[in-house]
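Please read the structure below before turning to the comments.
Each value in this text was obtained by applying a stated rule to the coordinates, not by laboratory testing. Since the model is a prediction, treat every value here as computed from it, not as a measurement. Using ideal geometry, Cβ is built from the backbone for each residue, glycine included, and neighbour counts are taken over all protein chains shown.
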């Protein structure tokens, strides 16, 4: 059984047309990937260490909690720098 090949050609003026970037709705925010990765990694490490009951290293657990707090703070600082603290209700 032979499969027919189908092709389609578009006019060049449509192919080369640039699409404008849409406005992001207020609920969508762009996160810095490095800051997001840092926070996710810190959270995963903290969760893993909190589940270890038998071989719990309290010093390492405390350091994981501090890193999670610092990562969350860094992400929050970035969001504040973008002006997200001004949109919405005041504290």
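If you wrap the Cα atoms of segment 29-81 in a convex hull and average its projected area over all directions, you get 3.6 nm².
With R₀ fixed at 35 Å, the C-beta to C-beta distance from residue 82 to residue 62 puts the FRET efficiency at about 0.65.
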